[in-house]
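Novice: Have a look at the structure that comes next, please.
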Amino acid sequence: MCFRFVGMILLALPFAAHLAAQSTGTHFSVISDVQFCSAQESPLLMDIVIPKQRDRTPTPAVLWIHGGGWDRGDKNGHSNAEFLADGGFVAATLSYRLSGDAPFPAAIEDCKCAVRFLRANASKFGIDPERIGVAGSSAGGHLAELVATADQTAGLEGEGGWQNTSSKVQAAASYFGVSDLTAQFPDDTVPVIVKFLKGTKKENPELYRKASPIFYVSKDDPPMLLVHGEKDDGVPFKQSVRMAEAYRRFHVPVEFIEVKNAGHDFRHMGDAPISPSVQIIHQRTIDFFKRYLVSAPSPLASTH
């Protein structure tokens, strides 16, 4: 979500022909332009990053959701998917519908459809269908939190495809994500939210609540990792503080990394270095997903 710097964007082919779009990196290969669902008769595409050395097969997977204020960005920013692949996971990035073309709930419907696709097609990519996680930054962190907490009763599944497959994830991570859209935000952030929800909070308070992950938290939710800069001037630090508190009230596992001397997107603010460093944050993210997607007992089938 680029709230104060217009130029800063967060790091944030048909399926039958996807093998022809394969490229190779040092530690992973990338299958590009995989159609995972459709929206308004248009294909939705993802890239799938496959580690060259798998710790186990089938392999747990993590879907990375890009940021960009819900109105920019796409699947092509692979850096976060690549560090997850380096950690031994099959990782995927998706292009979801942006708020300028299709406001809420389009983006969350596309993200949930992406999870269903990965589960329904797990055998094609060597994925363990019972061990799928989701992660994202900023707007992508918000969507990751919503994938994790909003079950089928929320009415956010959409009709993009794979309707008989669960969109439940077994772990989630959110970097400086929005958890409560009904709260107060900095002036520069408000227009981005208004565009995403196609109206102000005063005009449609129930929609703001429906789009807020914090109101869906329950004892059935997957473990969550929250990471947030203490000096974030776009998405207030308190957003993750309150999400962690909500998780603890329901006794659901939650880890919260408070990043000192960091603003939005872990931008350095102050004289001292950010702490922990981005490298350590990435390693702790890998450790988190290994704990809940690799080491944890096999999850029971669910229709979340």
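No value in this document is a laboratory result; all are computed from the given coordinates. As the structure is a prediction and not an experimental result, all values here were calculated from the model. Note that we place each Cβ from the backbone using ideal geometry, even for glycine, and neighbour counts take in every protein chain shown.
Novice: Rounded to whole Å, give me the distance from the Cα center of region 44-74 to that of region 202-244.
Specialist: Value for the Cα centre distance between the two parts: 22 Å.
Novice: Also: Going by the alpha-carbon gyration tensor, a ≥ b ≥ c the square roots of its eigenvalues, is region 152-304 rounded (a/c under 1.5) or, if a/c is not under 1.5, prolate (a/b greater than b/c) versus oblate?
Specialist: In terms of gyration-tensor shape, oblate.
Novice: Something else now. Would you mind counting up the charge near residue 97? Only other residues with Cβ under 9 Å from its Cβ, with Lys and Arg at +1 and Asp and Glu at -1.
Specialist: Residues close to residue 97 contribute a combined charge of -3.
Novice: On to the next question. So which of 202/260; 201/231; 219/260; 238/260; 52/260 end up more than 23 Å apart by C-alpha?
Specialist: Listed pairs above 23 Å: 202/260; 201/231; 219/260; 52/260.
Novice: In addition: Using alpha-carbon positions, what is the distance between the centroids of region 151-193 and region 92-130, in Å?
Specialist: The distance from the Cα centre of region 151-193 to that of region 92-130 comes to 12 Å.
Novice: Would you calculate the volume per residue, in Å³, of the smallest convex hull containing every Cα atom of region 14-170?
Specialist: Here the figure is 99 Å³ per residue.
Novice: Determine the principal axes of the Cα atoms in the chain, then give the extent along each, sorted from largest to smallest and rounded to whole angstroms.
Specialist: 46, 44, 40
Novice: Sticking with this one: Residues of region 171-192 with amide nitrogen under 15 Å from the 7 Å Cα-to-Cβ point of residue 249?
Specialist: Answer for this model: 179-183.
Novice: How big is region 139-181 on each of its three principal axes, counting only the C-alpha atoms and giving the largest first in Å?
Specialist: Ordered largest first, region 139-181 gives principal extents of 32, 22, 17 Å.
Novice: Take every DSSP beta bridge whose two residues both sit in region 15-295, then give the antiparallel share in percent to the nearest 5. Intermediate results must be reported in sequence, preceding the final value.
Specialist: Details: 18 of 43 bridges.
Percentage antiparallel, nearest 5: 40.
Novice: Quick one: which of 243-252, 65-74 comes out on top by average Cβ neighbours within 10 Å, and what's the full order, highest first?
Specialist: Order by mean packing, descending: 65-74, 243-252.
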